[in-house]
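Asks: Structure below; questions to follow.
The values are calculated or read from the model by the stated rules, or taken from the named source; none is laboratory data. If you're wondering where the values come from, they're calculated on a predicted model, not measured in any experiment. No Cβ is skipped: glycine too gets one built from the backbone with ideal geometry, and neighbour counts run over all protein chains shown. Note: areas computed on protein heavy atoms with side chains; ligands, DNA, RNA excluded. Shrake-Rupley method; radii C 1.70, N 1.55, O 1.52, S 1.80 Å.
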Amino acid sequence: KHGFSFPYLIDADQSVARAYGAVCTPDFFGFSGDGLLQYRGRLDDARMGDASGRTPELVNAMRRIAETGAGPQDQTPSMGCSIKWR
């Protein structure tokens, strides 16, 4: 529908979010090629302000994981709206 060329998940019953301990939206999880969680953090450092000078933390983390198999040492948790559990 959206033309994504990468795998993604629609977690309709929220079971995956619960299994990984998601607490807010958005809460990003990045995995290595062997399925190990290597990044859990925010999209970028823009917050609610001007995004023009942002650091793309998720993209940078995924590039690092693709190159080395490991996520960055420093990871900033996501901040957002709490998840409304069913």
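Asks: Arrange the residues Leu58, Leu37 by how much accessible surface each exposes, largest first, with a 1.4 angstrom probe.
Replies: Leu37, Leu58
Asks: Considering only protein heavy atoms, with the full assembly of protein chains and a 1.4 angstrom probe, order Ser32, Ser5 by accessible area, largest first. All intermediate terms of the calculation are to be shown ahead of the outcome.
Replies: Numbers: Ser32 15, Ser5 120 Å².
Largest to smallest exposure gives the sequence Ser5, Ser32.
Asks: With a 1.4 Å probe and every protein chain left in place, tell me how much accessible area Asp34 has, in Å² to the nearest 10.
Replies: 110
Asks: Got a sec? What order do Met79, Met62, Met48 fall in by accessible area at 1.4 Å, biggest, i.e. largest, first?
Replies: Numbers: Met79 150, Met62 70, Met48 190 Å².
Putting Met79, Met62, Met48 in descending order of accessible area: Met48, Met79, Met62.
Asks: To the nearest 20 debye, what is the magnitude of the charge dipole of region 9-60 about its Cα centre, counting +1 on the Cβ of each Lys and Arg and -1 on the Cβ of each Asp and Glu? Before the final figure, lay out each step's value.
Replies: Working: 5 positive and 8 negative charges, 22 e Å.
Dipole of region 9-60, to the nearest 20 debye: 100 debye.
Asks: Further, regarding this structure: So what is the calculated 222 nm ellipticity per residue for the chain, using -39500 (n - 2.57) for each DSSP H run with n of 4 or more, over all residues, to the nearest 500 deg cm²/dmol?
Replies: -6000 deg cm²/dmol
Asks: What is the P(r) of the chain, as percent of Cα-Cα pairs per 10 Å bin from 0?
Replies: With 10 Å bins starting at 0, P(r) equals 15, 43, 37, 5.
Asks: Could you give the length gained on full extension between Leu9 and Met79, defined as 0.36 nm per residue of separation minus the Cα-Cα distance, in nm?
Replies: Difference between extended and current length: 23.1 nm.
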